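Since the structure comes first, as C-alpha cells, the remarks are kept for the end.
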C-alpha cells in the first residue's frame, strides 16, 4: 500500500508540472516579446511652384473731352420761364482759335419769346446779366443790360432783342470759361393791363480757351 501511494503521488506531481508549462502567458502579454511599433509618415505632397508675382499694368486714364458750346460757331437754346418760352442764339465774331486767356472775347446773343396761351399780352425783357467764371483764377465782374424804359424791351415774337458782351482777360492758366446768363421778363397780365408778372430764366455756356502759344 505504501508503494502504491508514492507512485500515485509522483504521477500527480508530474501532471501538475505539465499543466503549469502549457498555461504560459501568450506572446502579446509577455513584456519580453518585442512588438513592432506602428509608424505613420505623411505621404509627401507634391511641391507647388508659384511664379513670380505679376505686376498689373498701370491703367492710363483717357483725358476728358473738352466741352465747347461754341465749337461749331454758334449755339441755340430754348429756355422756359413760366408761360414764356425764350429762344436764344449765341455766337462770337472771334474765331475759337483766338479765344486765348489774354484776348478780349465777344459773346453775342439774340433772343425772342412766345407765350402760352397767347391772349395778346406783351412780354418784355427787363434785364439781362452775365457772369464769367474761369476754371482758374477769379471770376470777372458781372455785366448787365437793363432797360431804361418801363416795362422793358418788347421781345414777344416777331420782336427780338440782341446784345454783345465782351469777356476780358483771365488767368493764363485758365483752360475754359463758364458763362452764366440770367434773363428777367415782365409779362403783361392782360392785353390792356398796366400790371405785370415777373418771370426769370437762366442759362449756362461752357467755352474752351485756346492756348496762347
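What follows is calculated from the coordinates using simple rules that are stated; it is not laboratory data. It should be emphasised that the depicted structure is a prediction, and the values quoted were computed from it without experimental measurement. All Cβ positions, glycine included, derive from the backbone under ideal geometry; neighbour counts span all protein chains shown.
A crude spin-label estimate for the pair residue 182 and residue 150, with each label 7 Å from Cα along the Cβ direction, gives 2.2 nm. Subtracting the Cα-Cα distance of residue 202 and residue 67 from their residue separation scaled by 0.36 nm leaves 46.7 nm.
When each of the peptides 135-141, 90-96 is scored by how many other beta carbons lie within 10 Å of its residues on average, the order from highest to lowest is 90-96, 135-141.
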